[in-house]
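The values are calculated or read from the model by the stated rules, or taken from the named source; none is laboratory data. Quick caveat, the model's predicted, so the values are computed rather than measured. Cβ: placed from backbone, ideal geometry, glycine included. Neighbour counts: every protein chain shown. What goes into the accessible areas is simple: the full protein's heavy atoms, side chains included, and nothing from ligands, DNA or RNA. Shrake-Rupley method; radii C 1.70, N 1.55, O 1.52, S 1.80 Å.
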Amino acid sequence: MTSTAHLLGRGLDASVEGRVLHDLARELYPICRSITGEGVRQTLAALRTHLPLEVHEVPSGTPAFDWRVPREWNVRDAYIRNATGTKVVDFRRSNLHVVSYSRPIRARMPLAELRPHLFSLPDHPKWIPYRTTYYDDNWGFCLSHEQLEALGDGEYEVVIDASLADGHLTYGELLVPGEQPDEVLISTHVCHPSLCNDNLSGIVVAARLAELVRKAQHRLSYRFLFIPGTIGSIVWLSRNEERLHHIRHGLVLTGVGDPGPTTYKRSRRGDAQVDRAAAHVLAHSGRPHRVIDFFPYGYDERQYCSPGFDLPVGCLMRTPFGEYPEYHTSADDLAFITPEALAESLATCLDIFFVLERAAIYVNRNPKCEPRLGKRGIYRAIGGAAGDRREEMALLWVLNLSDGSASLLDVAERSGLPFWAVSRAADVLRENGLLEEATR
Ligand code: ZN
């Protein structure tokens, strides 16, 4: 194998990576996160034991385009106690029990009065739903339908010991500089409580990517954002408008731990290099996958791809959020995400990075008829497995298409060959003086 300088991710042991990723998810699982508050700070503090994350605190009330940073919410305890003194719903058993951003309450009331504030899932009677009330002044509890049905008439003591007050919105950011200022943006949300696929899977894969990128040599710069969904990306964009032109590629990572096939959602542009790189990597992965077009709902790609920015940012996930029943319920737990799926998502990102790193435009220095490759020992140099003619074919494709207009990704797409073969052929040809990089 020639030039290993940019071979991000080669040689990773998937079973070790899977365990590392799942263990980090397990560590972060108990934390009660929301779009603001101590849960986000605790999560970022845990990541800071692995990464030199910069933690930003943006005061409540700070304007961000059409939005404002909300008040900060923190919850210490919450429960519903029945007439005999038993806690029938207890935040300490599951942080999903309290509706996120509930206003504090301490009251006694009959079931009829309490009932409009209770949420359950009749179709999945053992699961607790996840609900929020960020922008409505309200309060509530989520509970399993079995718990709900067991509540008798009578009076209940209802306590949500929470605070909703001026404070900050917190997010984490890490720039890993490369040889060039051109950036790859990796963004993931950190605002859900004990939910694994929707939240923790993206956090752990992004954190591990940052660790690996920091150890590797790379041309591109990589910017990692750990932000609360929607308001976090809106706030970040509003504070970073002047540097957005550096973003050449981007991925929102979300729902990358469930065992379903990988789904890539294209950027609004539809044909950005990251869109093509992701589609190419998945097409050559040999695994079932989907590539879908942009639509203006989902995760933070909505903000990055709003028309005023139109950044080349796609979204990598596995099963899309509307398509699995565990979504936004207590069943999206540590058993729902698998080490294998997490490791595979990590490898997919690294393969996409590899394409983005290496998809340069080259010029054939011997363009008049084919150069004699045998004379230069080039066939021997590539010497792939007997019967695998892909690397030999890649030499011919790279030589033929490298006229200063086609990138190696263009060559890979047009030839139908995997990018690694095209990239390796380019290395060999360059080392033999037959190819040079065009100015990018
Ligand atoms: Zn969600």
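List of remarks:
- Taking (1) open to solvent by 20 Å² or more (accessible area, probe 1.4 Å); (2) within 16 Å of the ligand (Cβ to nearest atom); (3) more than 30 Å from A107 (Cβ to Cβ) in turn, Y134 satisfies each apart from (3).
- So L24, is it within 30 Å of W420 (Cβ to Cβ), at pLDDT 95 or above and outside the structural domain of S94 (by TED's automatic domain parsing): yes
- Boolean, L346 is touching a residue at least 40 places away in the same chain (Cβ under 8 Å) and at negative phi: yes
- Within the range 187-222, tally of residues that are open to solvent by 10 Å² or more (accessible area, probe 1.4 Å) and among the acidic types (D, E): 1
Results for (1) under 28 Å from the mean Cα position of the chain (by Cα); (2) closer than 13 Å to L143 by Cβ; (3) of a type in the set (F, W, Y), shown as yes or no for each residue.
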residue: R71; (1), (2), (3): yes, no, no
residue: N74; (1), (2), (3): yes, no, no
residue: R81; (1), (2), (3): no, no, no
residue: V88; (1), (2), (3): no, yes, no
residue: L96; (1), (2), (3): yes, yes, no
residue: V99; (1), (2), (3): yes, yes, no
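- The residue of the range 20-47 that is surrounded by the fewest Cβ atoms within 10 Å (Cβ to Cβ), among those that are without any contact (Cβ under 8 Å) to a residue 60 or more places away in the chain and out of contact with any Leu (no Cβ under 8 Å at 6 or more places or on another chain), is D23.
- Test: residue in the range 185-207 that is among the charged types (D, E, K, R) and away from the ligand (no atom under 14 Å from the Cβ): no
- Within the range 280-289, tally of residues that are open to solvent by 30 Å² or more (accessible area, probe 1.4 Å) and among the hydrophobic types (A, V, I, L, M, F, W, C): 1
- Qualifying residue in the range 372-386 (condition: buried (at least 16 other Cβ atoms within 10 Å of the Cβ) and under 37 Å from the mean Cα position of the chain (by Cα)): yes
So that you can scan it fast, the table gives a plain yes or no per residue for (1) crowded, with 22+ Cβ neighbours inside 10 Å; (2) assigned by TED's automatic domain parsing to the domain that holds L209:
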site	(1), (2)
L96	yes, no
A107	no, no
L114	no, no
P122	no, no
I128	yes, no
W139	no, no
G172	yes, yes
L185	yes, yes
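- Complete set of residues in the range 312-323 that are open to solvent by 20 Å² or more (accessible area, probe 1.4 Å) and either more than 13 Å from the ligand (Cβ to nearest atom) or at pLDDT 95 or above (or both): T319, E323
- Scope the range 297-311; condition in contact with a Cys (Cβ under 8 Å, 6 or more places away or on another chain), in contact (Cβ under 8 Å) with a residue 60 or more places away in the chain and more than 12 Å from the ligand (Cβ to nearest atom); matching residues: L311
- Residues that are part of a loop (DSSP other than H, G, I, E, B) and either in contact with a helix residue (DSSP H, G or I) (Cβ under 7 Å, 6 or more places away or on another chain) or more than 16 Å from the ligand (Cβ to nearest atom) (or both) within the range 215-229 comprise A216, Q217, H218, R219, L220, P228, listed in sequence order.
- Cβ-Cβ under 7 Å pairs, at least 6 apart or on other chains, the range 189-210 side among the charged types (D, E, K, R), far side near the ligand (Cβ under 10 Å from one of its atoms): D198/H192; D198/T254; D198/G255; D198/F321; D198/Y327; D198/H328; D198/D332
- If the condition is being surrounded by fewer than 24 Cβ atoms within 10 Å (Cβ to Cβ) and in contact with a Pro (Cβ under 8 Å, 6 or more places away or on another chain), then the range 269-279 contributes R269, A272, Q273, D275.
- Any hit, the range 75-90, residues being under 29 Å from R208 (Cβ atoms), in contact with a strand residue (DSSP E or B) (Cβ under 9 Å, 6 or more places away or on another chain), of a type in the set (A, V, I, L, M) and surrounded by fewer than 22 Cβ atoms within 10 Å (Cβ to Cβ): no
- Taking the range 324-364 as the range and being within 16 Å of the ligand (Cβ to nearest atom), within 17 Å of the chain's Cα centre (by Cα) and open to solvent by less than 10 Å² (accessible area, probe 1.4 Å) as the test, the residues that pass are D332, I337.
- Of the strands (runs of 3 or more DSSP E) that lie entirely inside the range 77-179, those containing 1 or more residues that are under 22 Å from G232 (Cα atoms) and free of Cβ contacts under 8 Å to residues at least 60 places away in the same chain span 168-176.
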